[in-house]
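The values are calculated or read from the model by the stated rules, or taken from the named source; none is laboratory data. Remember, predicted model here, so these are calculated numbers, not experimental data. Here Cβ is always computed from backbone atoms with ideal geometry, including for glycine, and neighbour counts include all displayed protein chains. Just the protein is used for accessible areas: all its heavy atoms, side chains included, with ligands, DNA and RNA removed. Shrake-Rupley method; radii C 1.70, N 1.55, O 1.52, S 1.80 Å.
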Amino acid sequence: MINFNQAHLTGKELEYIAQTAVENHKLCGNGEFTKKCQHFFETRYGFKKCLLTTSGTDALEMCAMLCNIQPGDEVIIPSYTFVSTALAFVREGAKIVFADSMQRNPNLDAESLESLITPRTKVIVPVHYAGIACDMDKIMAIAEKHNLLVVEDAAHSLDSYYQSPITNHQSPLGSIGHLAAFSFHETKNITAGGEGGLLVINDEQFIHRAEILWEKGTNRAEFFRGAVNKYGWVDKGSSFLPAEINAAFLWAQLENVDDIQAKRIQIWNRYYEAMKPLAEKGYFTMPDVPEYATNNGHMFYMVFENLEKRTAFMNYLKEQGIGAVFHYLSLHKSEYFKDKHDGRELPQSDRYTDCLVRLPLFYDLTDEDQTYIIDKIKAYYGV
Ligand SMILES: *Cc1c(COP(=O)(O)O)cnc(C)c1O
């Protein structure tokens with residue numbers, strides 16, 4: 001069986017974990033490795049301020065808290081995304097307004113955005129699906145016009161970029177919105193030992209409060225900077241910071257990020273080249289990377305014409321021992337949300353729910369295994 005995903009170890013993870021206890025004598029959060037990881041993101045990608053979190057979900061929860069949602073405030077989120085994107089804002093009492101995806105790829109359709117904005121709209125949450133950028137110039141212009149906050153769900157988006165067609169400037173995903181959230185869950189490009197995340201604060205006005213929310217609603221960070229002479233409870237918050245063990249694990253991955261990215265992109269490109277002739281015959285469509293986006297090798301997906309064709313294809317791969325999987329289920333039709341949805345049809349979101357399938361893609365996928373997968377798919381179409 002070829003798994004859909006498999007965590008990759010770079011080799012230094014256990015050594016660094018041991019170091020947290022033996023040399024640094026520090027296992028709880030916000031130690032040397034946490035600071036090193038945060039500094040890495042701030043310098044490599046120009047993110048203004050970074051805070052490691054225990055998960056991407058936690059980073060999104062911090063974003064929602066920082067947006068200071070009031071009862072009745074509306075947040076626009078694509079329906080085709082992971083539960084956490086919406087859940088983080090639901091927990092703060094926001095009214096979720098689900099947006100449809102684009103025809104060309106599962107990202108939020110910026111063209112439909114303005115029709116969803118009301119006087120109560122407060123936040124837009126673009127999700128860069130498969131690490132492929134949303135149309136950020138358009139989204140940021142609309143946000144600015146209506147005075148809205150933008151939170152990038154960058155869970156898939158490590159080391160991926162948006163190139164502005166207006167200025168030609170390349171911005172790392174996660175650096176464009178006021179706030180952003182990354183995930184280091186084991187299914188993402190790099191992992192913090194299974195679970196982990198990162199809050200990115202690009203708008204300085206949120207930094208002070210973010211540090212407080214991160215440390216259980218206390219002004220501990222100011223205390224350690226010597227800005228106050230005792231620390232105490234000053235706001236809401238939670239235990240959002242991860243243990244040093246997770247940061248140590250993540251550091252071993254960050255040291256190898258270029259190697260990891262190169263390998264994943266190489267696997268992605270090989271799928272792309274191999275599938276191209278089949279896509280050209282119309283059997284399915286492949287990931288669409290707009291001219292303003294880069295590909296970071298997070299995910300290789302195919303979109304079929306309908307559910308029946310996808311099911312048949314997935315069953316075939318399963319028989320061949322290949323772990324291909326579908327992805328999100330439209331959130332506006334979920335058990336939890338269906339009664340709360342305003343009734344609008346979101347046909348693209350439903351199409352991706354029914355028709356999208358992802359192929360195995362992980363660092364340690366061997367050339368032989370990938371050859372096997374490609375050959376089996378070709379055989380399915382008789383070529
Ligand atoms: C993985 C993911 C999350 C949540 O991240 P966790 O680290 O698993 O909590 C949020 N949004 C999207 C789009 C994701 O893929």
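Just a few scattered comments:
- Residue in region 160-169 that is in contact (Cβ under 8 Å) with a residue 40 or more places away in the chain, within 15 Å of the ligand (Cβ to nearest atom) and either open to solvent by less than 10 Å² (accessible area, probe 1.4 Å) or in a strand (DSSP E or B) (or both) present: yes
- Residues that are open to solvent by 10 Å² or more (accessible area, probe 1.4 Å) and over 22 Å from Arg351 (Cα atoms), drawn from region 76-114: Leu87, Val90, Arg91, Glu92, Gly93, Ala94, Lys95, Glu114
- Of the helices (runs of 4 or more DSSP H) that lie entirely inside region 220-283, those containing 1 or more residues that are under 19 Å from the mean Cα position of the chain (by Cα), of a type in the set (D, E, K, R) and buried (at least 19 other Cβ atoms within 10 Å of the Cβ) span 257-280.
- Qualifying residue in region 33-40 (condition: on the phi < 0 side of the Ramachandran plot, within 16 Å of the ligand (Cβ to nearest atom) and crowded, with 18+ Cβ neighbours inside 10 Å): yes
- Residue under evaluation Pro71, criteria (1) within 16 Å of the ligand (Cβ to nearest atom); (2) closer than 27 Å to Thr118 by Cα; (3) open to solvent by 10 Å² or more (accessible area, probe 1.4 Å), criterion not met: (1)
- Residue in region 288-309 that is out of contact with any Lys or Arg (no Cβ under 9 Å at 6 or more places or on another chain) and modelled with pLDDT under 95 present: no
- Ile117 being among the β-branched types (Val, Ile, Thr), more than 12 Å from the ligand (Cβ to nearest atom) and open to solvent by 10 Å² or more (accessible area, probe 1.4 Å): yes
- Residue within region 64-80 that is acidic (Asp, Glu) and touching a residue at least 24 places away in the same chain (Cβ under 8 Å) present: yes
- Qualifying residue in region 307-329 (condition: part of a strand (DSSP E or B), open to solvent by less than 10 Å² (accessible area, probe 1.4 Å) and aliphatic (A, V, I, L, M)): yes
- Among the residues making up region 189-213, those that are open to solvent by less than 40 Å² (accessible area, probe 1.4 Å) and within 16 Å of the ligand (Cβ to nearest atom) are Asn189, Ile190, Thr191, Ala192, Gly194, Gly196, Gly197, Leu198, Leu199, Val200.
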